[in-house]
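S.K.: Sharing a structure, written as structure tokens. Questions coming.
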């Protein structure tokens, strides 16, 4: 049920507040996902045509909607034979036949609901005689020309100039086919870049959502189900963030039944909440590590286990992303390993990893970020944590700017490398080379990256103070 009033009742104060309607959106999604590619393409073409050409006037948009097109397609996919869709694969022909069917529906004011037999989605007040007449007169030639001028041409304008310029001459079928092929090739070549640019903010949104809204077993299932449909490796990233979220909560409030349920859900195990959490936690094994009992004495050990498991998941996630997007972005896979090594005092290992990461990232254009929400802050040291807290004071606009709640892989690697060099007493030559890397990074980064620039200033100051001693 959805709280939506009938269009003829929206002006009535009482009815507009109290009318509801049945919704079959979940069933519709299942059906649409079962369609053949040609059926999905036709549905898209019909939606574009109806919205762009038929619904120019506001009166029309009140009477004819996308739901009528969806209903038209659902009935067609059920009633039309496979040969209708694949026998003579001509998208324009299929669209004309279906639009003629829609014309009949409009003329008869009859659009049978796909799920409810006695429900008609049209009535005599529709007043769409003009649209019905226009659809009835459609020909394949006219519709073909419409799509060339209003769809293919607009698509070509989004492409590089070398592609869009081809549209200046489509006087023959061969030339038109060349334009379409060029548009498709350009889109395929740029799709990976577009996906990469969406992945970076997706990581931030996941961390933001988990941090601001405490996890439950149910929300974990929802997160992982939906992320698996979008980009499967994001479920690995979510698992890592969830481990860190639970570790952060345990360190503040202790190991509760709710947190135990979250861990059981993430680990793919069922642990009954009716048992005492000390008994339940002993059954919970993360990343094939030794089991733990969450008593007051070993809470820190459980937190440590969760953090280590999160780092393993994050490293796996980086490796998967590198496999898929390494050709369009510069990604290092050991940034979290270096961070974990630094946290546990293994400065030599951290320095080795961070130095290699700086060399890889120093002149990179696109690279991943690390969120500075509480879940990740627990992996950082006090200096950078204090800096993160001061950032919104230095620049109040940071509170509403997502770019300032993340730190780039390069900046974090520079920070870790500098800290390790200072702790291990490296030579003037090494520190001078690090100072050059810091200066290069400062020049290349946008000015609005307040947190990143403050971090670079901090490590630059640390290096200069050490150099002044020599």
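S.K.: Ranked highest first by average number of other Cβ atoms within 10 Å, how do 404-416, 137-149, 355-367 line up? Intermediate results must be reported in sequence, preceding the final value.
M.R.: On the way: 404-416: 24.9, 137-149: 13.9, 355-367: 16.8.
With the highest mean Cβ count within 10 Å placed first, the list reads 404-416, 355-367, 137-149.
S.K.: Can you classify region 35-157 as rounded, prolate or oblate using the Cα gyration tensor, where a ≥ b ≥ c are the square roots of its eigenvalues, rounded means a/c under 1.5, and otherwise it's prolate if a/b beats b/c and oblate if not?
M.R.: Numbers: a/c = 1.81, a/b = 1.17, b/c = 1.54.
Oblate, because a/c is 1.5 or more while a/b does not exceed b/c.
S.K.: Could you work out how much longer the chain between residue 304 and residue 26 gets when fully extended? Use 0.36 nm per residue separation minus the Cα distance between them, nm to one decimal.
M.R.: Details: separation 278, 0.36 × 278 = 100.08 nm, distance 4.11 nm.
Between residue 304 and residue 26, full extension yields 96.0 nm more.
S.K.: Just check region 118-189 against the gyration tensor rule for me: Cα atoms, a ≥ b ≥ c as the square roots of the eigenvalues, rounded for a/c under 1.5, and otherwise prolate or oblate depending on whether a/b exceeds b/c.
M.R.: Prolate is the answer for region 118-189, as a/c is 1.5 or above and a/b outweighs b/c.
S.K.: For residue 188 and residue 429, calculate 0.36 nm times their separation in residues minus their Cα-Cα distance, and state this gained length in nm to one decimal.
M.R.: On the way: separation 241, 0.36 × 241 = 86.76 nm, distance 4.70 nm.
That pair, residue 188 and residue 429, stretches by 82.1 nm at full extension.
S.K.: Let a ≥ b ≥ c be the square roots of the eigenvalues of the Cα gyration tensor of region 330-470; is it rounded (a/c under 1.5), or, if not, prolate (a/b larger than b/c) or oblate? Intermediate results must be reported in sequence, preceding the final value.
M.R.: Values: a/c = 1.43, a/b = 1.32, b/c = 1.08.
Rounded shape, in that the Cα axes give a/c under 1.5.
S.K.: Report the full-extension gain for the segment residue 154 to residue 34: residue separation times 0.36 nm, less the Cα-Cα distance, to one decimal in nm. Intermediate results must be reported in sequence, preceding the final value.
M.R.: Values: separation 120, 0.36 × 120 = 43.20 nm, distance 2.92 nm.
Using 0.36 nm per residue and subtracting the Cα-Cα distance, I get 40.3 nm.
S.K.: Further, regarding this structure: What does the helix-only formula give at 222 nm for the chain: each DSSP H stretch with n ≥ 4 adding -39500 (n - 2.57), the total divided by the residues, and the result rounded to the nearest 500 deg cm²/dmol?
M.R.: On the way: 24 runs with 306 residues, N = 470.
Using -39500 (n - 2.57) per qualifying helix, the result is -20500 deg cm²/dmol.
S.K.: Let me ask you something else. Between residue 109 and residue 146, what FRET efficiency comes out of the Förster formula 1/(1 + (r/R0)^6) with R0 = 25 Å and r the beta carbon distance, rounded to 0.05?
M.R.: On the way: r = 26 Å, r/R0 = 1.04.
E between residue 146 and residue 109, to the nearest 0.05, is 0.45.
S.K.: Relative to the first principal axis of the alpha-carbon coordinates of the chain, what is the inclination of helix 347-361, with its axis defined by its Cα atoms, in degrees from 0 to 90 and to the nearest 10?
M.R.: For 347-361 against the chain, the angle is about 40 degrees.
S.K.: Counting just the Cα atoms, what span does the chain cover along each of its three principal axes? Round to the nearest Å and put the largest first.
M.R.: 88, 64, 46
S.K.: Specify the angular offset, from 0 to 90 degrees and rounded to the nearest 10, of the alpha carbon long axis of helix 299-325 from the longest principal axis of the alpha carbons in the chain.
M.R.: 50
S.K.: A further question on this structure: Efficiency by 1/(1 + (r/R0)^6): what FRET value for residue 129 and residue 221, r their Cβ-Cβ distance, R0 = 45 Å, to the nearest 0.05? Let's see the in-between values first.
M.R.: On the way: r = 50 Å, r/R0 = 1.11.
E between residue 129 and residue 221, to the nearest 0.05, is 0.35.
S.K.: Please state, to two decimals, what the Cα-based radius of gyration of region 426-470 comes to when divided by 2.2 N^0.38 Å (N = residues).
M.R.: Numbers: Rg = 11.2 Å, N = 45, 2.2 N^0.38 = 9.3 Å.
Relative to the 2.2 N^0.38 Å estimate, region 426-470 comes out at 1.20.
S.K.: Pairs of Cα atoms under 8 Å, at least six residues apart: use those to get the relative contact order of the chain, whole percent. Could the numbers behind the result be given before it?
M.R.: Numbers: 476 pairs, mean separation 39.3, N = 470.
That works out to 8 percent.
We did not get these values from a lab; they are worked out from the coordinates using the rules stated. Keep in mind it's a predicted model, so treat the numbers as computed, not measured. Glycine also receives a Cβ, built like all others from the backbone with ideal geometry; neighbour counts cover every protein chain displayed.
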